[in-house]
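Single-structure report; data block below.
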Amino acid sequence: MDSPGYNCFVDRDKMDASIQDLGPKELSCTELQELKQLARQGYWAQSHALRGKVYQRLIRDIPCRTVTPDASVYSDIVGKIVGKHSSSSLPFPEFVDNTQVPTYCLNTRGEGAVRKILLCIANQFPDISFCPALPAVVALLLHYSIDEAECFEKACRILACNDPSKKLIDQSFLAFESSCMTFGDLVNKYCQAAHKLMVAVSEDVLQVYSDWQRWLFGELPLNYFARVFDVFLVEGYKVLYRVALAILKFFHKVRAGQPLESDNVKQDIRMFVKDIAKTVSPEKLLEKAFAIRLFSRKEIQLLQMANEKALKQKGITVKQKRQFVHLAVHAENFHSEIVSVKEMRDIWSWIPERFALCQPLLLFSSMQHGYSLTRFYFQCEGHEPTLLLIKTTQKEVCGAYLSTDWSERNKFGGKLGFFGTGECFVFRLQPEVQRYEWVVIKHPELTRPTSFKSSETAATSSLLSHSVPPDPADRLSPFLAARHFNLPSKTESMFMAGGNDCLIIGGGGGQALYIDGDLNRGRTGHCDTFNNQPLCSENFLISAVEAWGFQDPDTQ
């Protein structure tokens, strides 16, 4: 119990007396697959010192913004933020949303340290608007940190992850709410028996499923949550869905055929999770979780995007501080031959939220670098995402947001091949403003089996149609009726392609944008990917081309 994992923040009397530091002392493997197996098997779970070392290593390796607040920043700001208040009287940041903070056997000093660290994080991450999972993460990390500053640094690295393929913690109300909807979709597909029970005993199934993160980040006992967190740091967000589905399966197994203890199934599940040790061990919980043959990470990402789109269309983003987007384009540092500051700000309001605080960074300008597609690729490679702007000789302005590094084109061995993701979109600014998103997000009925003859038919088969009044049902995922996100053809996912002779955005029966190798001529028309109208004159001459990247505000 004297290892670095147990320090001045822990009440040892509250810790389980059976916990012994008997595990291995070192971890030598570096391969991801081996790490995944060791994490799932609980290799470092019985060694507090080793778990601390592993956390340090895994969190250190998270790809982050160039400048991320570290321990020295905490030392500089904590006194100013806390002031003369006692730790126990400190308020929680608004983004915690009155979440009950788990103590995880922390003593009074440890509980106060959680409050101080959360307030300092709020100071350094003003873009976080909703993050109820964070208190549990900070409370756990305190067990494996030598002081508050080190715990702060670890939490900041998790929050500052800038790898778009490595989602970690929801930091906005929109992301949180869409995750809850996504979990509901996954329950409907992978836990049908449990779903039927939920429909039978609850008035609002979505409200039950919206509690899924609390099961993990709050109700799970410390030794269970730590095991989940071990795997989460290695494998990412998908692990959370797996474990929550497993919890629901076990709840159904225990409660099926038995009367529920109260009229509130939401509270019953919370109590079940809190007392889960009576039913299942951490090993059995994880074993069940990884036995579920879940959607691929890409398919879950598509589902999440569709849910976010559905929420935006309903205006359910009230807790999201989207106004910060207007801070990103500063007039004094911005100059473009194609768009004004106001127009760039309009474009910035369309981009994915995780890039909204970045500054536009000019990567390529035909006025500076010449009219060469080869030079365009050279300037843009290594940057992801990018923004393409085109001005025609008729003073029309159009462009595209492109999610993927142009270097991906090299994987096709010189042949023209499409790549990119569903976050790509095309737009026009002059003579009028119009944006065209990926057709699958705009028209999710394309993913529905042919047996669904209308959106109304699909809605009646949806997650909550058995139990929820019409208005809440309107918030359901547009992918709810999809089986495996099968599209009728590949044309709906032809996002971007680049060769030596041309650049193409969108495909299938036409192209949203085609630009020749000299950046001199182009054409635009309807394409299946974005279901767009021509973005300008169908055949046009180019006056100027620009490509913009996204510069982290911490690097300026």
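Computed from the coordinates by the stated procedures, all read-outs in this text should not be read as laboratory data. These figures come from a predicted structure and were not determined experimentally. With ideal geometry, Cβ positions are generated from the backbone for all residues, glycine too; neighbour counts draw on all protein chains shown.
For Lys238 and Asp516, FRET efficiency with R0 = 60 Å and r from the beta-carbon atoms, rounded to 0.05?
Once the sixth-power term is evaluated, E becomes 0.90.
Which of the trypsin sites (Lys or Arg not before Pro) found in the range 32-124 are in a DSSP loop and have at most 10 neighbouring Cβ atoms, other than their own, within 10 Å?
Filter output for the range 32-124: Lys84.
Can you check how the C-alpha radius of gyration of the range 117-271 compares to 2.2 N^0.38 Å, as a plain ratio?
Expressed relative to 2.2 N^0.38 Å, the Cα Rg reads 1.11.
Can you give the extra length, in nm with one decimal, that the chain gains between Asp70 and Ala291 once fully stretched, where that is 0.36 nm per residue apart less the Cα-Cα distance?
75.8 nm is the gain from fully extending Asp70 to Ala291.
Give the Rg/Rh ratio for the range 115-169, taking Rg as the radius of gyration of the Cα atoms and Rh as the Kirkwood radius, to two decimals.
On the Cα set of the range 115-169, Rg over Rh gives 0.94.
Compute the whole-percent fraction of alpha carbon pairs in the range 259-308 spaced more than 13 Å apart.
When every Cα pair of the range 259-308 is considered, 72 percent fall beyond 13 Å.
Distance between Cα centroids, the range 356-435 to the range 498-517: provide it in whole Å.
Centre-to-centre (Cα) distance: 11 Å.
Provide the gained length on full extension for the span Ser87 to Asn500, in nm with one decimal, where the gain is 0.36 nm per separating residue minus the Cα-Cα distance.
142.5 nm
Please give the Cα centre distance for the range 22-53 versus the range 180-215, rounded to the nearest Å.
33
Principal axis extents for the range 11-159, Cα atoms only, whole Å, descending order, please.
Projected onto its principal axes, the Cα set of the range 11-159 covers 44, 41, 26 Å.
May I ask which of Lys196/Lys284; Lys167/Lys411; Lys25/Lys253; Lys312/Lys342; Lys288/Lys411; Lys53/Lys167 have a Cα-Cα span longer than 27 Å here?
Lys25/Lys253; Lys288/Lys411
For the range 164-241, take the convex hull of the Cα atoms, compute a quarter of its surface area, and give me that in nm², please.
Its average projected convex-hull area is 5.9 nm².
Figure the gain on full extension for Lys25 and Lys253 (residue separation times 0.36 nm, minus the Cα-Cα span) and round it to one decimal in nm.
78.3 nm
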